[in-house]
Amino acid sequence: MITAMENNTLRETVYAFNNSDLVASYDADMDIWHPNRVKMASIVCEILPFDRTEHLRFLDLGTGTGYLSHKIIETFPYAKIVAIDAAALMIERAKVRLNNCLDHVTFHISTFQDLPKKMDTLSPVDAVVSSLALHHLYREEKLTLLKYVRSILKLHGWFVNCDVFKASDAVVEARFRRLHYQGIQERTRKVRHEEKSLDEISSALSDKEKKDGDNLLLLTDDLQIIAEAGFRTAECFWKEYREAVYGGIK
């Protein structure tokens with residue numbers, strides 16, 4: 001059961017990502033905050049065991065500005081994608097990125113929590129993918145969503161998620177964060193020609209995580225949720241510090 005506090009967090013998260021200033025700078029900000037997004041998207045496309053000539057169906061959870069959907073269409077040019085996001089402004093931005101392949105994509109506005117009810121008649125898909133979106137969910141919400149994901153996948157279909165997580169050991173978590181701050185500091189200096197202290201970056205990241213409604217789990221917990229949702233396998237395909245690409249097969 002979702003508590004009133006969790007519902008408030010959900011509304012705040014949707015509002016945070018439906019902000020015109022945030023949407024306008026989102027991709028440039030992601031290059032600073034999450035440069036592994038490029039690598040993670042390539043892992044998704046590499047791990048999926050499909051042929052480029054197949055007429056595939058994908059569901060993209062939290063499509064944002066359409067970055068992952070665009071990479072999938074580049075890799076699988078005959079694919080059709082159902083792209084979901086709760087923020088209408090993000091979807092409008094995604095339409096700009098995907099302008100040359102809009103006939104491949106169907107967009108729907110929905111929260112992850114409402115998706116099983118809104119899309120209960122979705123025809124089976126070959127794969128469900130997501131990038132840096134599901135960490136906003138609480139554990140039970142994520143389990144409910146992944147049960148739905150499994151239900152709409154074809155037999156032997158794949159779920160692949162690119163996301164952030166927290167370390168089980170406080171010392172390791174602190175070290176991972178420190179390395180992350182140092183990377184942000186270096187990229188901010190190189191790309192934006194701005195000098196930020198590690199304390200400034202730490203404070204900004206903490207504020208961002210709170211505003212965005214981040215709810216990071218352990219990677220082992222995320223894999224356990226996949227198993228609990230009924231997937232026959234749960235596997236981590238790639239990992240670097242606090243970021244991973246993981247998933248399961250129906």
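The values are calculated or read from the model by the stated rules, or taken from the named source; none is laboratory data. Please read these numbers as outputs of a predicted model, since none were measured by experiment. Note that each Cβ is placed from the backbone with ideal geometry, even for glycine, and that neighbours are counted across all protein chains shown. Please note that ligands, DNA and RNA were not included when accessible areas were found on the heavy atoms of the full protein model with its side chains. Shrake-Rupley method; radii C 1.70, N 1.55, O 1.52, S 1.80 Å.
Brief remarks on what is shown
- Some residue of region 87-101 being open to solvent by 30 Å² or more (accessible area, probe 1.4 Å), under 19 Å from the mean Cα position of the chain (by Cα), within 23 Å of Ala24 (Cα to Cα) and small (Gly, Ala, Ser): yes
Per-residue answers, yes or no, for (1) within 19 Å of the chain's Cα centre (by Cα); (2) polar (S, T, N, Q):
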{"position": "Val164", "(1), (2)": "yes, no"}
{"position": "Ser168", "(1), (2)": "no, yes"}
{"position": "Leu179", "(1), (2)": "no, no"}
{"position": "Ile184", "(1), (2)": "no, no"}
{"position": "Arg192", "(1), (2)": "no, no"}
{"position": "Lys196", "(1), (2)": "no, no"}
{"position": "Glu200", "(1), (2)": "no, no"}
{"position": "Asp207", "(1), (2)": "no, no"}
{"position": "Asp212", "(1), (2)": "yes, no"}
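- Residues located in region 110-121, provided they are surrounded by 15 or more Cβ atoms within 10 Å (Cβ to Cβ), at pLDDT 90 or above and not in a helix (DSSP H, G or I): Ser110, Thr111, Phe112, Gln113
- The residue pairs whose first member lies in region 231-246 and is in contact (Cβ under 8 Å) with a residue 40 or more places away in the chain, whose second member is in a loop (DSSP other than H, G, I, E, B) and among the polar types (S, T, N, Q), and whose beta carbons are closer than 6 Å, counting only pairs six or more residues apart or on different chains, are Glu243/Asn36.
- Listed by position, the strands (runs of 3 or more DSSP E) inside region 132-250 whose residues that are more than 25 Å from Thr65 (Cβ to Cβ) and open to solvent by 20 Å² or more (accessible area, probe 1.4 Å) number at least 2 are 153-164, 233-240.
- Considered as a group, the residues in region 17-74 that are farther than 30 Å from Lys154 by Cβ and among the β-branched types (Val, Ile, Thr) include one that is modelled with the highest pLDDT, and that residue is Ile32.
- Candidates in region 47-86 are the residues that are charged (D, E, K, R) and assigned to a loop (DSSP other than H, G, I, E, B); of these, the one that is surrounded by the fewest Cβ atoms within 10 Å (Cβ to Cβ) is Asp51.
- Asp126 open to solvent by less than 60 Å² (accessible area, probe 1.4 Å) and acidic (Asp, Glu): yes
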